Amino acid sequence: MRDSPSPFTARAVRRALVVLPSVIVLAAVGLTLVIAASAQERRIRADTVDRVFDVASGLAELDDVRTAVASVSEVGSLVDLADAADLRPASAVLQPLADLVERTTGVFYVVITDDEGVRITHPEQEQRGRQVETTNASVLAGTPFLGTETGPSGSSLRAKVPIRDGDEVVGMVAVGVLESSILSERNEAVGAILPWGLGALVAGTLASSVLAAAIERRFRRLDALAAEQEQTSRTMVALREQAHEFGTRLHVLHGLVSRGDTSEALGYISGALPGLAAREPSDDRLGASLVSASIEALRSEVAARGAHLEVQIDRELPIDETVVLILANLCRNAAEAGATRVRCTLGQVGDTLHGAVDDDGPGLDPREIERAFSRGFTSKPDPTGTGRGIGLAVVRRAVAERGGEILVSRSGWGGARFAFELPVAGAVSS
């Protein structure tokens, strides 16, 4: 049988289930915003890559650009670079064009250089006539470049395309957009969808709150049902225990009436029913007639279950109803377990009663002895539907309330042996 979850675990699971919808909403909306921001950045970056490369390629192919750059390609050399004054005629033609392209395409800069990488155009006048610091050789050798570099204006996404005059590379066009501008554009795009994300978050939170409230109400109903079921179960167990006790008493009463002991029967009934005058003696010990009737009733009950009962009890022993209850339940349990022979013995040593019930049934697995005394444990079917597994629990309770002990072992017949010790009824309170 699996152990039931602890109350702490159950409460933790309940709280997790109540909070789970809100956590899912927060996680879903947050993940959606992150994915949207990432997608926007990828889209903006891809558009920027296409834009800077198209602008650079378009300028490099313009005839005016080729002519102006070719006109100054012979001015300087790698040993003696051209300066701003040398390049001023070409700058006068190309700078207005570069400024126009910057304004209309939204790029940060358009730089045109000669074949040594010296700037002919630049948004800042003091940078004209200076050689660019970043990738030049491969572009001036004829290979376009596309990537991110850091220059005087900061990190930027750049496209560099060679300018050809026929088969000869006479310069290059560099077009760039600042990385900070790309991030700013991404933030603007995310800001545009942020209200929708917040709206989804509010709506999802409200919906999850309603769901959490419904889950909590459901849990409370389940708690109420569980409490009601537990109360019903306790009531059923109490009724079953009472049924065992009253069954024993009815068998005793039947024996008294059958023997014609009317006065003893009336006294027995008076002691069993509240509100009626209690029978004598006041120490609750049963008379010899009542003990004899109890034994005969028990023998009949065991015989009805297909077993033969042997009794070794002195009729003069100070037996009370607790002793009868213990013996009756042990003998009944042995017969129900499949025994064909049951022996019931009871003796007295000093102020202690020593009793035992032996049988030739299947016995008890040593590993099941402790569970055998728990309420509801049984290895037998329950065709009546009234519940089994009560008898031994009643025995343990009765022995414990009396301050006695009960031990389980294997009997000489191969079955089970239940041996108990109890103080004599009159000696319990002394």
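The values are calculated or read from the model by the stated rules, or taken from the named source; none is laboratory data. Treat the numbers as computed from the prediction; the structure is a model and nothing was measured. Reconstructed Cβ throughout: ideal geometry from the backbone, glycine too, with neighbour counts over all protein chains shown.
Within the bounds of the stretch 9-17, is there any residue that is modelled with pLDDT of 80 or more, farther than 30 Å from residue 196 by Cα and surrounded by 15 or more Cβ atoms within 10 Å (Cβ to Cβ)?
no
Being of a type outside the set (A, V, I, L, M, F, W, C), surrounded by 14 or more Cβ atoms within 10 Å (Cβ to Cβ) and more than 23 Å from residue 144 (Cα to Cα) is the requirement here; does residue 32 meet it?
It is true that residue 32 is of a type outside the set (A, V, I, L, M, F, W, C), surrounded by 14 or more Cβ atoms within 10 Å (Cβ to Cβ) and more than 23 Å from residue 144 (Cα to Cα).
All but one of (1) modelled with pLDDT under 90; (2) surrounded by 15 or more Cβ atoms within 10 Å (Cβ to Cβ) hold for residue 386; state the number of the condition that does not hold.
Every condition holds for residue 386 apart from (2).
Does the stretch 133-161 hold any residues that are over 20 Å from residue 181 (Cβ atoms) and not in a strand (DSSP E or B), and which are they? Working first, answer last.
Within the stretch 133-161, the subset over 20 Å from residue 181 (Cβ atoms) is 133, 135-144, 161.
133, 135, 136, 137, 138, 139, 140, 141, 142, 143, 144 - these are the residues of the stretch 133-161 that are over 20 Å from residue 181 (Cβ atoms) and not in a strand (DSSP E or B).
Please determine whether any residue of the stretch 166-182 is touching a residue at least 24 places away in the same chain (Cβ under 8 Å) and within 30 Å of residue 13 (Cβ to Cβ).
The answer is no, given that none of the residues of the stretch 166-182 is touching a residue at least 24 places away in the same chain (Cβ under 8 Å) and within 30 Å of residue 13 (Cβ to Cβ).
Determine, yes or no, whether residue 78 is of a type outside the set (Lys, Arg), more than 60 Å from the chain's Cα centre (by Cα) and surrounded by fewer than 17 Cβ atoms within 10 Å (Cβ to Cβ).
Yes, satisfied.
For the stretch 127-146, how many residues are surrounded by fewer than 16 Cβ atoms within 10 Å (Cβ to Cβ) and closer than 22 Å to residue 104 by Cα?
Number satisfying all stated conditions: 1.
In the stretch 82-99, which residues are crowded, with 16+ Cβ neighbours inside 10 Å and of a type in the set (A, V, I, L, M, F, W, C)?
82, 84, 87, 90, 93, 94, 97, 98
Hey, can you tell me all the residues within the stretch 65-75 that are in contact with a helix residue (DSSP H, G or I) (Cβ under 7 Å, 6 or more places away or on another chain) and surrounded by 18 or more Cβ atoms within 10 Å (Cβ to Cβ)? Talk me through it step by step, then tell me what you get.
Kept after step one, since they are in contact with a helix residue (DSSP H, G or I) (Cβ under 7 Å, 6 or more places away or on another chain), are these residues of the stretch 65-75: 65, 68-69, 71-72, 75.
Hits for the stretch 65-75 are 65, 68, 69, 72, 75.
Regarding residue 310, is this residue over 54 Å from the mean Cα position of the chain (by Cα), more than 24 Å from residue 397 (Cα to Cα), in the same structural domain as residue 363 (by TED's automatic domain parsing) and in contact (Cβ under 8 Å) with a residue 40 or more places away in the chain?
no
Within the stretch 149-178, take every residue that is touching a Lys or Arg at 6+ places or on another chain (Cβ under 7 Å) and more than 17 Å from residue 66 (Cα to Cα) and give me the one that is surrounded by the fewest Cβ atoms within 10 Å (Cβ to Cβ).
Filtering first and then ranking leaves 149.
When the residues of the stretch 40-74 are filtered to those that are touching a Leu at 6+ places or on another chain (Cβ under 7 Å) and of a type in the set (A, V, I, L, M), which remaining residue is farthest from residue 163 (Cα to Cα)?
49
Does residue 106 satisfy the criteria of being within 29 Å of residue 181 (Cα to Cα) and among the small types (Gly, Ala, Ser)?
Yes: the conditions hold for residue 106.
Is it fair to say residue 128 is assigned by TED's automatic domain parsing to the domain that holds residue 62, in contact with a His (Cβ under 7 Å, 6 or more places away or on another chain) and within 30 Å of residue 75 (Cβ to Cβ)?
Numbers: assigned by TED's automatic domain parsing to the domain that holds residue 62: yes; in contact with a His (Cβ under 7 Å, 6 or more places away or on another chain): yes; within 30 Å of residue 75 (Cβ to Cβ): yes.
Yes; evaluated as a whole, the condition is true for this residue.
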